[in-house]
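What follows is a short report on a single structure.
Each value in this text was obtained by applying a stated rule to the coordinates, not by laboratory testing. Treat the numbers as computed from the prediction; the structure is a model and nothing was measured. Methodologically, a virtual Cβ is constructed for each residue, glycine included, from the backbone with ideal geometry; neighbour enumeration extends over all protein chains shown.
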Amino acid sequence: MSRLLITNIGELTTNVPVDGDPCGALADAAILIDGGRVAWTGPAADAPTDVDETVDAAGRAALPGFVDSHTHLVFAGDRADEFEARMAGVPYAAGGIRRTVAATRTASDDALRTRLAGFVRELHAQGTTTFEVKTGYDLTVAGEERSARLAAEVTDEVTFLGAHVVPAEYEHNRAAYLDLVCGPMLEAVRPFVRWIDVFCERGAFDPAEAERVLAAGAAAGLGTRVHGNQLGEGEGVRLAVAHGAASVDHCTYLSDADVAALAAGDTVATLLPGVEFSTRHPYPDARGLLDAGVTVALASDCNPGTSFTSSLPLMVALAVREMGMTVGEAVWAATAGGARALRRTDIGHLGVGARADVVVLDAPTRTHLAYRPGVPLVREVYVGGKRVA
Ligand code: NIG
Ligand code: FE
């Protein structure tokens, strides 16, 4: 495989800590990619010359590709009407999920596949080079299997979310639905998924139900993740930490005990500010979590109900503007943080040996991601050294 040198990088964020800077930023730098992996980074003046191809970044900034550790991309329809109502003051409730379930169940494989392919293009164009995808908008055995299978066509990071909400046909028989999720449904999706997730929240699943789902997933060899503390304080965070879940996502309403539990455990707190943007809830207290020593990730939660955006640059801008994160912390959370939330060591950084997932911005520094919100600053995107956008 060929050797590609990207040189004249004005600011290269590596996420390999240097002199106490976790972002390991290098000025006037270059990166050598060999066989799809990072082979070398350093001052452009010292760059190797035995290369097959050279890209001149002309002083622009480069960083690791974004790692979006939380999306729900297998669905049909949208719920723009709910968004509009919320902006006029109607509160969000978990039950809206059932509308997307109804639309998804009637969609063809091809329709779902085409939609997914569109999202992948959208993600790449915004600098996301790894993304997780959840099932959870069908909630039948055959339909969850289909969602998992289609998701596995576009990513290795597929999550089973049969425990998204109890579907209407089981409304009066929750226990039977949980039997299905923890039995035949789990078995059907098992070949395609790496993770299991549960929406532990009022209107979705209570802590005892969530516990049962996580235990069944872990027994089947899946890693665990939790949707918790999105709409109010609750047991989600403590349950996730007690389970050794890779991540607990949302973390919008946290008690001091939750923060202490996260700081003491090794569960990542994944913050999803697109949800607060789209539901008018208060943004999570990222500053408090970081100051307590918690590992924080930023993800899009791209879904038709609460956050219909796939933009990690927007999450970085919101985190900086609304959540007290520095630009460096926000970019780290959207790259290395996402990798931690997926328990991956090969992505989220540009250390030697990492997969060569690189984003070149049409800007001199990463600060422009927050300073120029809404502007398409992603200029070049490489996944494993191959240009995808
Ligand atoms: O992450 N919290 C649960 N699931 C989604 C919302 C899904 C929906 O409303 O369709 C979320 O916010
Ligand atoms: Fe979600």
- Task: Mind checking which of Pro191, Val320, Gly77 is farthest towards the positive end of the chain's charge dipole, using Cβ charges of +1 (Lys, Arg) and -1 (Asp, Glu) about the Cα centre?
- Result: Gly77
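Given the Cα atoms of the chain, and with Rh set as the inverse mean 1/r over their pairs in the Kirkwood sense, what is Rg to Rh to two decimals?
Details: Rg = 20.5 Å, Rh = 21.0 Å.
Rg/Rh: 0.98.
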- With Rh as the Kirkwood radius over Cα pairs, region 181-220 has Rg/Rh of 0.98
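In whole Å and largest first, what semi-axes does the C-alpha gyration tensor of region 218-310 yield when each eigenvalue is scaled by 5 and square-rooted? Kindly include the intermediate steps, with their values, before the conclusion.
Working: eigenvalues 81, 55, 25 Å².
Equivalent-ellipsoid dimensions as semi-axes: 20, 17, 11 Å.
Test of understanding: what is the full-extension gain from Glu322 to Asp256, defined as 0.36 nm times their sequence separation minus their Cα-Cα distance? Walk me through the numbers before you get to the answer.
On the way: separation 66, 0.36 × 66 = 23.76 nm, distance 2.04 nm.
Using 0.36 nm per residue and subtracting the Cα-Cα distance, I get 21.7 nm.
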- Query: Kirkwood Rh, region 36-148, all Cα pairs: how many Å?
  - Reply: 17.8
- Item | Calculated P(r) tail over 16 Å for region 151-256, as whole % of Cα pairs | 54
- Note on the structure: Stretched fully, the stretch from Arg37 through Thr106 gains (0.36 nm per residue minus C-alpha distance, one decimal, in nm) 20.7 nm
- Item | Given charges at beta-carbon only (K, R positive; D, E negative), |dipole| of the chain in Debye | 460
- Inter-probe distance in nm under a simple model that places probes 7 Å from Cα toward Cβ, at Lys386 and Ser2: 1.4
- For an R0 of 41 angstrom, estimate the FRET efficiency from the Cβ-Cβ distance between Val375 and Ala93 and round to the nearest 0.05. 0.75
- Item | In nm, spacing of pseudo-spin labels at Ala215 and Arg174 (7 Å Cα→C-beta vector) | 1.7
- Task: Give the Cα extents of region 66-130 along the principal axes, in whole Å, largest first.
- Result: 35, 28, 17
- Based on the Kirkwood radius over alpha-carbon pairs, what value in µm²/s does the Stokes-Einstein equation return for the translational diffusion coefficient of region 1-98 at 4 °C and 1.567 mPa s? 76
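Working out 0.36 nm times the residue gap between Arg121 and Ala142, then minus their Cα-Cα distance, what length gain in nm do you get to one decimal? List each step's numbers first, then the result.
Values: separation 21, 0.36 × 21 = 7.56 nm, distance 2.72 nm.
Fully extending the segment from Arg121 to Ala142 adds 4.8 nm.
Kirkwood-based Rg over Rh for region 328-381 (C-alpha set), two decimals? Show your work: numbers first, answer last.
Numbers: Rg = 12.1 Å, Rh = 12.1 Å.
Ratio value, two decimals: 0.99.
Once the Cα gyration tensor of region 298-356 is diagonalised, what are the square roots of 5 times its eigenvalues, in whole Å and ordered largest first, as equivalent ellipsoid semi-axes? Numbers along the way, then the final one.
On the way: eigenvalues 97, 45, 14 Å².
Three semi-axes, in Å: 22, 15, 8.
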- Note on the structure: For region 253-339, averaging the sequence separation of alpha carbon pairs under 8 Å that lie six or more residues apart and dividing by its residue count, the contact order in percent is 30
